[in-house]
Amino acid sequence: MYVCLCKGVTCSAIRSAVNEQGVASLRELSRNLGVATQCGKCAHSARQVLHEALGACSAGGCCGASADAAA
Ligand code: FES
């Protein structure tokens, strides 16, 4: 599922950035993928996916991220 429509960033791309590039903040996510650098409407969702990928959020989320992250 797309999180950032302006930059075409999906939740799986965010999870990959966390797992493969060590991204740990929205600022780093913006720098690496361009998330929330245009209209900014995706910032909240991007932060949620980021926290899920970091294991800091137990809420169900984007694209079944919780199930994917466990795999
Ligand atoms: S939807 Fe991400 S910057 Fe617009």
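A short reminder: the numbers here are calculations on the coordinates, not readings from a lab. All of these numbers come straight from a predicted model, not from anything done at the bench. Don't worry about glycine lacking a Cβ; one is built from the backbone with ideal geometry, like all the others, and counts go over all protein chains shown.
Below are the figures for this structure:
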quantity: Residue pairs meeting the criteria (Cβ under 6 Å; at least 6 apart or on separate chains; first within 13 Å of VAL9 (Cα to Cα), in region 21-43; second assigned to a loop (DSSP other than H, G, I, E, B) and away from the ligand (no atom under 11 Å from the Cβ)); calculated: LEU29/VAL23; ASN32/VAL23
quantity: Output for region 32-43, where each listed residue is over 13 Å from TYR2 (Cα atoms) and surrounded by fewer than 14 Cβ atoms within 10 Å (Cβ to Cβ); calculated: GLN38, CYS39, GLY40
